[in-house]
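In what follows, a structure is listed as structure tokens, so that the remarks can point back to it.
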Amino acid sequence: EPLQGNLERVYNSLIAIDHDGNLLASADKFHLVPLGEYVPLHLRDILPFINKITPGDLDFTPGPGPRTLHLPGLPPVGVIICYEAIFPGGVAEPGDRPQWLLNLTNDAWFGTSTGPYQHFVSARLRSVEEGLPLVRVANTGISGLVDRYGRVLAEIPLTQSGVRDVPLPAALDEPPYARFGDWLVLAQLLIAFSLARLIDWRRDRN
């Protein structure tokens with residue numbers, strides 16, 4: 001994207017095109033990897049020789065936030081690019097709830113370590129929290145289809161290529177975590193703490 005002063009912005013993006021090559025929609029990654037896609041400003045001030053791992057001198061620019069794409073013939077889809085899948089409460093666009101999630105990722109740099117397995121489990125947790133099925137596409141695996149309860153319905157294992165043609169499961173109505181986020185967790189902790197204090201108080205009286 002050209003800017004004034006001959007500067008440019010670069011994005012890590014998903015782009016949807018039709019069979020004629022027309023741009024239908026796009027979504028820009030908003031959770032960028034520190035030192036992978038950009039160098040934090042203050043670190044660059046201290047260590048000016050530090051550069052990001054990905055090619056090019058320009059830092060990537062973060063997108064505005066979660067996007068729900070409305071594409072012909074598909075239910076509304078929430079886009080998760082790469083490690084954005086590890087952030088709870090940050091995968092669905094507020095006010096425009098998707099009916100499924102699409103996670104595109106490049107896990108090649110993990111090799112055959114535990115990284116791809118951990119990444120896949122994190123993505124499954126987002127399905128459970130949001131009550132949404134998830135389609136995960138990883139260039140070296142693990143790819144798969146996860147239902148709204150986090151159950152793996154189809155999978156292409158690590159380092160294998162292939163195609164799975166399976167129906168997309170239905171989404172749940174907005175579950176509690178999708179509605180209240182981490183406030184629900186805090187409320188549960190407060191209730192547990194209050195009950196523990198009450199039990200201690202009654203034990204002390206007796």
With criteria (1) closer than 24 Å to GLU93 by Cβ; (2) more than 19 Å from the chain's Cα centre (by Cα); (3) at pLDDT 80 or above, PRO66 comes up short on (2)
Every listed condition ((1) surrounded by fewer than 13 Cβ atoms within 10 Å (Cβ to Cβ); (2) not in a loop (DSSP other than H, G, I, E, B)) holds for ILE50 save (2)
Only one of (1) at pLDDT 90 or above; (2) assigned to a loop (DSSP other than H, G, I, E, B); (3) open to solvent by 60 Å² or more (accessible area, probe 1.4 Å) does not apply to GLY21, and that is (3)
From the option list VAL121, VAL91, VAL128, single residue qualifying as buried (at least 17 other Cβ atoms within 10 Å of the Cβ) and in a helix (DSSP H, G or I) is VAL128
Expected single match for of a type in the set (A, V, I, L, M), in contact with a Gly (Cβ under 7 Å, 6 or more places away or on another chain) and buried (at least 19 other Cβ atoms within 10 Å of the Cβ) among LEU158, LEU145, LEU134 is LEU158
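The values are calculated or read from the model by the stated rules, or taken from the named source; none is laboratory data. In this text, all values refer to a predicted model and were calculated from it rather than measured experimentally. Positions of Cβ are generated from backbone atoms using ideal geometry, with glycine treated the same way; all protein chains shown enter the neighbour counts. What goes into the accessible areas is simple: the full protein's heavy atoms, side chains included, and nothing from ligands, DNA or RNA. Shrake-Rupley method; radii C 1.70, N 1.55, O 1.52, S 1.80 Å.
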